[in-house]
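Structure record follows, encoded as structure tokens.
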Ligand code: NDP
């Protein structure tokens, strides 16, 4: 019996809410709150006849801590699921601390305004000291560790697929397959086709910021940064086939480098089609990916926000997207003194997801782990006071929940390695 406040009602939140409603013996009450309340009302009306979960809705601007505190005080949830945008992570964490409520999200903090001088000073120092230049990193949320510990509250960070399930796969490999891990390659393949020349699978602004940034990987105790899309490999993915994939910076590398300290190299690869890359390069060359406001006919506009308004809403891709995703981790390391390799991954079908919850597989593969992470917190399997990433908890009940609720694992002990 528990009450959960979900903030956000976009592509990922909609899947997480559908899945919570399938487990109404745990999620007895849900409040869905977002900037646009009509979207929450529409989803609540669609789900009400199909679930025993009691659903209410509210309007909230999650950039405003006081509005969040007022909402949490009136709703009295056991857990706040932040499935809005990474820009709201800190305000929602502040409100959870003020109200004494557990917190979780699916992506680590990044600022909406990357021109803010106060943020920029911290960012530039981190770029120099750490050696990677992504706008997002864990330092902002790890700074809340002591506050959450002292309040006796749990904050679970990045509980989607990647980050999220990929870290549970690492914890599983460490617990059950290896004595020590030498290398981790995280492979994210989307073999789906939505028929548009260019569209992003999740929030366009967050997605394009991530993909157009320099790539980086962890090797022998430090970051190696490379120009965007400059390392390409081809891989033959189970149930998808041959795809080109590119090395990107990704947030879970940062936490895994600390939590699996013996690891010598961690890389992250994502597949992209040529049409996506051509469009992205062109948009970047003409300045459309810029996050800095420009003056247009007497009005200030942020180019990437304007672009977002033109692109298809990722939540609308469900009916059009056909094909499968394949996301997982390949490990090398040692077990009982012998060299060993291991690959654990999930294959997910876009059309099956659409039939079940009305969304494509990218939202599905993020929303299901968000629900399963909430399930771990609400059923007492994963609560220790402080701020944690997924690999810091026992992976067994989480992976069992993923197997049960739509993202079953596949394994190979003889995978083809990435050179
Ligand atoms: P969408 O853009 O589809 O949805 C975002 C939602 O957040 C919308 O409902 C929006 O409301 C709401 N929102 C935005 N700003 C505010 C605010 N100030 N106050 C209240 N609500 C707000 O995004 P996605 O569903 O695609 O992504 C959600 C999250 O999941 C993101 O953080 C993304 O980075 C993360 N993600 C994580 C992945 C993983 O594997 N870990 C993979 C994919 C995504 P409105 O519609 O009114 O603007």
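Could you give the length gained by full extension between residue 306 and residue 338, i.e. 0.36 nm per residue of separation minus their alpha carbon distance, to one decimal place? Mind showing how you got there, number by number?
Values: separation 32, 0.36 × 32 = 11.52 nm, distance 5.45 nm.
Extra length from residue 306 to residue 338 when fully extended: 6.1 nm.
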Express in whole angstrom the spacing between the alpha-carbon centres of segment 343-402 and segment 1-65. 17 Å
Which residue, 26, 206, 302, tops the fluctuation ranking in a GNM of the chain built on C-alpha contacts under 10 Å? 302
per DSSP, antiparallel bridges as share of beta bridges in the chain, % nearest 5, sits at 60 percent
Given 249-258, 10-19, the highest-first ranking by average Cβ count within 10 Å works out to 10-19, 249-258
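Considering just Cα atoms, how many Å³ per residue does the convex hull of segment 17-74 enclose? Numbers along the way, then the final one.
On the way: hull volume 4.4 nm³, N = 58.
Residue-normalised Cα hull volume stands at 76 Å³.
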Quick check on segment 255-407: take the gyration tensor over C-alpha atoms, sort the square-rooted eigenvalues as a ≥ b ≥ c, and tell me if it's rounded (a/c under 1.5), prolate or oblate. prolate
Where the centre of each part is set by its Cα atoms, how far does segment 119-158 sit from segment 205-274, in angstrom? 20 Å
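Tell me, what is a quarter of the convex hull surface for the C-alpha atoms of the chain, in nm² with one decimal? Walk me through the numbers before you get to the answer.
Numbers: hull surface 78.8 nm².
It is 19.7 nm².
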Taking the simple approach of a point 7 Å from Cα along Cα-to-Cβ for both residue 65 and residue 288, what is their distance in nm? 3.8 nm
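Just check segment 179-249 against the gyration tensor rule for me: Cα atoms, a ≥ b ≥ c as the square roots of the eigenvalues, rounded for a/c under 1.5, and otherwise prolate or oblate depending on whether a/b exceeds b/c.
Details: a/c = 2.24, a/b = 1.34, b/c = 1.67.
Verdict is oblate for segment 179-249.
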Given 362-374, 310-322, the highest-first ranking by average Cβ count within 10 Å works out to 362-374, 310-322
If each of residue 238 and residue 73 carries a label point 7 Å out from its Cα toward its Cβ, how far apart are those two points in nm? 5.2 nm
D_trans [Stokes-Einstein, Kirkwood Rh over alpha-carbon pairs] for segment 165-359, 37 °C, 0.692 mPa s, µm² s⁻¹: 179 µm²/s
Two-site label geometry, residue 418 and residue 313: point separation in nm, points 7 Å out along Cα→Cβ: 3.3 nm
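Order these peptides, 93-106, 175-188, by their mean beta-carbon neighbour count within 10 angstrom, highest first.
Numbers: 93-106: 22.6, 175-188: 18.8.
Going from most to least packed, we get 93-106, 175-188.
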Assign one of three labels to segment 324-419, namely rounded, prolate or oblate, based on the Cα gyration tensor with a ≥ b ≥ c the square roots of its eigenvalues; rounded applies when a/c is under 1.5, prolate when it is not and a/b is larger than b/c, and oblate otherwise. oblate
Counting all C-alpha pairs of segment 12-160, share separated by more than 26 Å (%): 30 percent
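Over the chain, what is the mean sequence separation of C-alpha contacts under 8 Å (at least six apart), divided by residue count, expressed as relative contact order in percent? Intermediate results must be reported in sequence, preceding the final value.
Details: 890 pairs, mean separation 83.9, N = 419.
After rounding, I find 20 percent.
Coordinate-derived values only; no laboratory data. All values derive from a computational prediction rather than experimental measurement. Virtual Cβ from ideal backbone geometry, glycine too; neighbours counted across all protein chains shown.
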